[in-house]
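Some notes on the structure that comes next.
Coordinate-derived values only; no laboratory data. None of the values given here were measured: they were computed from a predicted structure. Virtual Cβ from ideal backbone geometry, glycine too; neighbours counted across all protein chains shown.
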Amino acid sequence: MNMIQLNPQIVVFTPLGPGLAYFIIDYGMSVNTCWVIRLAKGEIKHFDSNNIRIEGNPTYGFPLKPELPDSWKQVKGYKDHPLFSSFLNDKEN
């Protein structure tokens, strides 16, 4: 098992809303990586790597804004958070 502390934290998108990733836990080859996320309202949750989206880097050809599943966009945390509400509005235009 390996645990990595992210310093600085990474802005992430999750099924429960936006948050900051603080740790990544790798349990080995047979288990997906676990991300430890502080959600916008202060909750700490663990997410499977399949349920995390991060911003890209246009320098390397990755779009800055990741594609979010439509079901994620209905989560209250996205619409209420100023950074992410503008993100959603940009995607809709």
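Here are some notes:
- Nitroxide proxy distance, nm - points 7 Å out along Cα→Cβ at M3 and I54: 1.9 nm
- Computing FRET efficiency as 1/(1 + (r/R0)^6) for N32 and L64, where r is the C-beta to C-beta distance and R0 is 30 Å, gives about 0.75.
- Packing-based ranking of 61-68, 30-37 yields 30-37, 61-68, ordered from highest to lowest mean Cβ neighbour count within 10 Å.
- Peptide ranges 38-49, 16-27, 1-12 listed from the most packed, as the mean C-beta count within 10 angstrom indicates: 16-27, 38-49, 1-12
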